[in-house]
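Got a structure here, written out as structure tokens. Questions coming.
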Amino acid sequence: MYTEKDKVICPACKSELEKLHNTNLVDEEKLKIFKNPRRILEAHFPIIRDDGKIEIIEAFRVLYNGNRGPGKGGIRFHQDVNLSEVSELAFIMSLKNSLADLNFGGAKGGVKINPRDYSKTELEKISRGYVKEFFNYLGPQIDVPAPDVNTTPEIMGWMMDEYDKITESKNPAFITGKKIEDGGSEGRDKSTAMGAFYIIQEKYKEVKNKQEIKIAVQGFGNAGGTIALLLHNIGYTVIAVSDSKTGIYNSEGLDIEKIYNFVYREERKKRLSEIQDEEKISNEKLLELEVDILIPAALGDVITFENAERIKTKEIVELANGPVSPRAEEILLEKNISIIPDLLANAGGVIVSVFEWEQNLKNEHWSLEEVNQKLKDKILKAYFEVKSLAEERQLPWRLAAHKIAIDRILEKNK
Ligand code: GLU
């Protein structure tokens, strides 16, 4: 399908598409539209740092495909951001939005910084600078950004304000994941975890004694911390959690409520290493624990060719984007480890983002119950669609999810 001459911006997208192609599940000719991202924006803009020095900031926004509507996807701030990764994430967003049956295309943005190295004033300059660079290609009916790794409701607020200034109008629907007072939706902050929670609850509904189900969660940020707490609160046994530096472990189950309060009670988020009375475990070892459900909820590519053989969980629920590499997936499937893919497991975030956009455009504010009920209906609909195709055609869940999503996008080929 691809020749040497084709410039491959996103090797991971290429390998996913080739898998689909090889299984003859979709029309090869039509699939050509996925070969490269539809639109790539790249900027190198200066900011003046607190010490008066100039720094050049590298930023991206990629629209992978816009067949189904305006672009939609978050912006991440991370030191490893690069064009290939942003493109891959934009590709995943195209599929995720389509699978959840949202009328949006897929996009993603990134800024190559470690936000911990910058003051609040500097982060505001970077956020506003991002909008100044790309505003022509952003907007409620063009491409709608949102939070992603290391980006917060406060950052969304700065970006919205910058867009309003430039366009001399009020456009809360320009961006989602805002604070409630800026036009944010109830439930958006917990929605990524909530979506996965509804899926896990559905999948394990026959198990009466939830305590029997052992869980490890990698990542204790917004998504990881929340899913650990939700599952703990209804009786699942969470035996390990971690942040980017350390993990904590207890084979009998951790008191997640206590840990969550410790980490999040005060304004400064605490590190898990500051917890004294629990056994420590490395991130690598956490992934290799013998559990029923492993939830990678941090960054991509944490389960690779290198460690896949040592993974002992029965099931992986991908709360992060792209935590399992394609080569690792082959090994895991051989070992009969099932994977609920990111585009299903973490679609809760973008689903509620789209609810936020809708509320902004209609000038409405929905209750938390209404938001959660709508989220549950939407994500479980996608879950049942993937489940039935996977069972009917004997496909891994990711492939089934990709087929459904891609077919829907290709229907809109012009
Ligand atoms: N960053 C989230 C994701 O990867 C949410 C995107 C959005 O809300 O647009 O799905």
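The values are calculated or read from the model by the stated rules, or taken from the named source; none is laboratory data. Please read all numbers here as calculations on a predicted model, not as lab measurements. Here Cβ is always computed from backbone atoms with ideal geometry, including for glycine, and neighbour counts include all displayed protein chains.
Please go through (1) farther than 19 Å from Phe34 by Cβ; (2) touching a residue at least 40 places away in the same chain (Cβ under 8 Å) for Asp377 and return the number of the only condition it doesn't satisfy.
(2)
Yes or no: segment 228-241 includes at least one residue that is over 19 Å from Asn336 (Cβ atoms), at pLDDT below 95 and either over 22 Å from the mean Cα position of the chain (by Cα) or not small (Gly, Ala, Ser) (or both).
No, segment 228-241 contains no residue that is over 19 Å from Asn336 (Cβ atoms), at pLDDT below 95 and either over 22 Å from the mean Cα position of the chain (by Cα) or not small (Gly, Ala, Ser) (or both).
To continue, here is another question. Output the residues belonging to segment 58-86 that are surrounded by 20 or more Cβ atoms within 10 Å (Cβ to Cβ) and farther than 24 Å from Leu410 by Cα.
Within segment 58-86, Ala59, Phe60, Ile75, Arg76, Phe77, Val81 meet the criteria.
With Lys170, Lys125 as the choices, which residue is away from the ligand (no atom under 12 Å from the Cβ), more than 30 Å from Ile406 (Cα to Cα), of a type in the set (D, E, K, R) and outside any helix (DSSP H, G or I)?
Lys170
Could you check Glu279 against (1) over 30 Å from Ala107 (Cα atoms); (2) touching a residue at least 24 places away in the same chain (Cβ under 8 Å); (3) of a type outside the set (Phe, Trp, Tyr); (4) surrounded by 14 or more Cβ atoms within 10 Å (Cβ to Cβ) and say which number it fails?
If we test Glu279 against (1) over 30 Å from Ala107 (Cα atoms); (2) touching a residue at least 24 places away in the same chain (Cβ under 8 Å); (3) of a type outside the set (Phe, Trp, Tyr); (4) surrounded by 14 or more Cβ atoms within 10 Å (Cβ to Cβ), just (4) comes out false.
Given (1) at pLDDT 95 or above; (2) touching a strand residue (DSSP E or B) at 6+ places or on another chain (Cβ under 7 Å); (3) not hydrophobic (A, V, I, L, M, F, W, C), where does Asn150 come up short, assuming only one miss?
Evaluating Asn150 over (1) at pLDDT 95 or above; (2) touching a strand residue (DSSP E or B) at 6+ places or on another chain (Cβ under 7 Å); (3) not hydrophobic (A, V, I, L, M, F, W, C) leaves (1) as the failure.
Now, a different point. When you scan segment 340-349, do you find a residue that is part of a loop (DSSP other than H, G, I, E, B) and surrounded by fewer than 21 Cβ atoms within 10 Å (Cβ to Cβ), even just one?
no
Here's another thing I want to ask about it. Of everything in segment 135-148, what is surrounded by fewer than 22 Cβ atoms within 10 Å (Cβ to Cβ) and in contact with a Phe, Trp or Tyr (Cβ under 7 Å, 6 or more places away or on another chain)? Give them in sequence order.
Listed by number, the residues that qualify are Phe135, Gly139, Pro140.
Identify, from the list Lys179, Lys108, Lys132, the residue that is under 16 Å from Leu41 (Cβ atoms) and surrounded by fewer than 17 Cβ atoms within 10 Å (Cβ to Cβ).
Testing whether each residue is under 16 Å from Leu41 (Cβ atoms) and surrounded by fewer than 17 Cβ atoms within 10 Å (Cβ to Cβ) leaves just Lys132.
For residues that are within 15 Å of the ligand (Cβ to nearest atom) and acidic (Asp, Glu), scanning just segment 139-164, find the one that is nearest to Glu358 (Cα to Cα).
Looking at residues that are within 15 Å of the ligand (Cβ to nearest atom) and acidic (Asp, Glu), I get Asp143.
I've got another one for you. With the structure loaded, tell me whether Asp101 is within 24 Å of Val324 (Cβ to Cβ) and either within 16 Å of the ligand (Cβ to nearest atom) or under 19 Å from the mean Cα position of the chain (by Cα) (or both) or whether it fails that test.
no
May I pose another question? Tell me whether segment 89-101 contains one or more residues that are closer than 22 Å to Thr192 by Cβ, of a type in the set (A, V, I, L, M) and touching a Ser or Thr at 6+ places or on another chain (Cβ under 9 Å).
Taking every residue of segment 89-101 in turn, none turns out to be closer than 22 Å to Thr192 by Cβ, of a type in the set (A, V, I, L, M) and touching a Ser or Thr at 6+ places or on another chain (Cβ under 9 Å).
Report yes if some residue within segment 384-398 is within 30 Å of Glu18 (Cα to Cα), crowded, with 19+ Cβ neighbours inside 10 Å and either among the acidic types (Asp, Glu) or in contact with a Ser or Thr (Cβ under 9 Å, 6 or more places away or on another chain) (or both); otherwise report no.
Yes - at least one qualifying residue is present in segment 384-398.
Determine whether segment 341-360 contains at least one residue that is over 24 Å from Ser244 (Cβ atoms), away from the ligand (no atom under 15 Å from the Cβ) and in contact with a helix residue (DSSP H, G or I) (Cβ under 9 Å, 6 or more places away or on another chain).
No, that holds for no residue.
Go through (1) surrounded by 17 or more Cβ atoms within 10 Å (Cβ to Cβ); (2) within 25 Å of Ser244 (Cβ to Cβ) and name the single condition Asp50 misses.
Checking Asp50 against (1) surrounded by 17 or more Cβ atoms within 10 Å (Cβ to Cβ); (2) within 25 Å of Ser244 (Cβ to Cβ), the one that fails is (1).
Would you be able to tell me the number of residues in segment 51-87 that are of a type outside the set (Gly, Ala, Ser), away from the ligand (no atom under 15 Å from the Cβ), in contact (Cβ under 8 Å) with a residue 24 or more places away in the chain and not in a loop (DSSP other than H, G, I, E, B)?
Residues in segment 51-87 being of a type outside the set (Gly, Ala, Ser), away from the ligand (no atom under 15 Å from the Cβ), in contact (Cβ under 8 Å) with a residue 24 or more places away in the chain and not in a loop (DSSP other than H, G, I, E, B): 3 in total.
Any idea which of Lys35, Lys96 is surrounded by 15 or more Cβ atoms within 10 Å (Cβ to Cβ) and either over 17 Å from the mean Cα position of the chain (by Cα) or free of Cβ contacts under 8 Å to residues at least 60 places away in the same chain (or both)?
The conditions single out Lys35.
Suppose the filter is closer than 25 Å to Lys96 by Cα, under 23 Å from the mean Cα position of the chain (by Cα) and without any contact (Cβ under 8 Å) to a residue 24 or more places away in the chain; does Glu315 pass it?
Considered against the rule, which asks whether it is closer than 25 Å to Lys96 by Cα, under 23 Å from the mean Cα position of the chain (by Cα) and without any contact (Cβ under 8 Å) to a residue 24 or more places away in the chain, Glu315 comes out as no.
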